[in-house]
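First up is the structure itself, then whatever we jot down about it.
What follows draws every value from the coordinates through simple rules; no lab data is involved. This is a predicted model, so every value here is computed, not measured. Here the Cβ positions follow ideal geometry from the backbone for every residue, glycine too, while neighbour counts run over all protein chains shown.
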Amino acid sequence: MRKMKFAPTLVAAAVSTVLLVGNTALAGKQDATKSEQAGPAPLAPLGPPPIPPDNLQSDAKAELGKILFFDPRIGGDASTACSSCHEPEQGWAWSEDLSRGYPGTVHWRNSQTIVNSAYYGRGFWAGSVPSLEKQAPAAAKGGVAGNGEDDIMEARLALIPEYRKRFKEVFGTQWPLIQDVWRAMAAYERTLVQRDTPLDKYLQGDQAALSEEQVRGKALFEGKAGCIQCHNGALASDQDYHNIGVPANKRWEEDGLAQITFRFEQYAKGQTEEGYRTAKSDWGFYYRSKNKWDKGKFRTPSLRYTAHTAPYMHNGILYTLEDVVEFYDRGGFDEEGRTTQFAENKSKLIKPLGLTDEEKADLVAFLESFSGDPITTEKPVLPEYAPLFTRAELEAAQEAK
């Protein structure tokens, strides 16, 4: 076998790269340690959402995105719109344990609200996309969600005069392009924010915005209950990934479609052969990192707007805020004493709290202060198809030849 020879400069470059990666990782760990020593970020009023420089906001773009959000033609068989799983009347989410699936399927995770989703650094429960512009196609084209195909969706849009007109006005293109669909939808979702909650008003100086019960709950949240360790800052989320002990949804043991979806997702996400055959629960962040210590970890969801978004957790097994508080008070166990399949990865932050009934009630009252009135909207009238050319135009084109 011939020996491979490498130029000294390439070897040096490789060594430098390894050292750089190692030093970066070390710096990240040091920064994390400093952050832990400094304590969690305090709760704060929510500011305006960040706007990416390559997809600036405009009223026309957001209005186009709204129509597309409610249009089931942005999907596989023209039956499932984004709003099918993110219903305004259901907290801009879906009020069952597992989200609706594409016809003939069922989803495998709880539908998260899109209210305030503009503030997340990464989307979905396991942080699999870096922006709203990437989140939209991942959902619209997902096998158990929208199941759409780019060329089919573009062809439909081209046959709708109102869309041709709007896309040209907003993006300057002769025909609607699928990448601009996602940009418009992202612009619309950045308008779905709630920044005037009782908690925001209280943090801005209105001492009457919270009841005495909620003020006591805030003290518990920041103290004895320890909620602020993960639900901190203006978004009430550290945007990190934790295993908090949520047990598997029993629906996977009883629902045939859910079982099929579960196995499909294991395969689609690059599960190992052993994992595919033995998995009894959603492995969460592991599907991205493939590190065994990340099994069962999910992104900390924001507590904002949660009064309208039951049920809770990635698999929707907790149906009320009272259930959530009870779950944490037990130390991450359900009523049957079950915890996640990966108890060895369970966060050390999750432990029995010893809350009294009054303290639980105060904490629930405070959690409700993260939400204002429900955000409502008038659903748009969807534009209709029309031929690309009239008979007269086609005849004129033939004569011109």
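Calculated mean residue ellipticity, 222 nm, the chain: -12000 deg cm²/dmol, from DSSP H runs (n ≥ 4) at -39500 (n - 2.57) each, averaged per residue and rounded to 500. Within region 189-230, all pairs of alpha-carbon atoms sorted by distance into 5 Å bins from zero give the percentages 5, 22, 20, 21, 19, 9, 5, 0. In percent, rounded to a whole number, the relative contact order of the chain is 21, using alpha-carbon pairs under 8 Å and six or more apart. Start at zero, step by 10 Å, and the Cα-Cα distances of region 139-292 spread as 8, 20, 21, 26, 21, 5 percent across the bins.
Considering only Asp97, Asp54, Asp196, the mean-square fluctuation computed in a Gaussian network model of the chain, springs between alpha carbons under 10 angstrom, is largest for Asp54. Site pair Arg338 and Arg391 shows an inter-label distance of 6.5 nm when each label is modelled 7 Å from Cα along Cα→Cβ. Extension gain, Glu378 to Ala208, is 58.0 nm, computed as 0.36 nm per intervening residue step minus the present C-alpha separation.
Full extension of the segment from Ala38 to Lys348, taken as 0.36 nm per residue of separation minus the current Cα-Cα distance, would add 109.8 nm. Starting from the Cα of Arg263, step 7 Å toward the Cβ, then list every residue of region 270-310 with an amide N under 20 Å from that point. It comes to 270-284, nothing else. In the elastic network of the chain, a GNM with C-alpha springs shorter than 10 Å, the most mobile of Ala208, Ala258, Ala187 is Ala208. For Glu154 and Ser79, the difference between the fully extended length at 0.36 nm per residue and the C-alpha to C-alpha distance is 25.4 nm.
A convex hull fitted around the alpha carbon atoms of the chain yields 225 Å³ per residue. Of the residues Val381, Val325, Val246, the one that moves most in a GNM of the chain with alpha-carbon contacts below 10 Å is Val381. Based only on Cα atoms, what mean projected area does the convex hull of region 198-368 have, in nm²? Averaged projected hull area, Cα only: 10.5 nm². Between Lys224 and Lys168, the simple spin-label model (points 7 angstrom out along Cα→Cβ) gives 6.7 nm.
Computed from Cα atoms, the angle from the helix 178-189 axis to the main principal axis of the chain rounds to 50 degrees. Taking the number of Cβ atoms within 10 Å of each Cβ as an exposure proxy, the fewest-first ranking of Thr320, Thr261 is Thr320, Thr261. Among Glu169, Glu384, the ranking by other beta carbons within 10 Å of each residue's beta carbon, starting with the fewest, stands as Glu384, Glu169.
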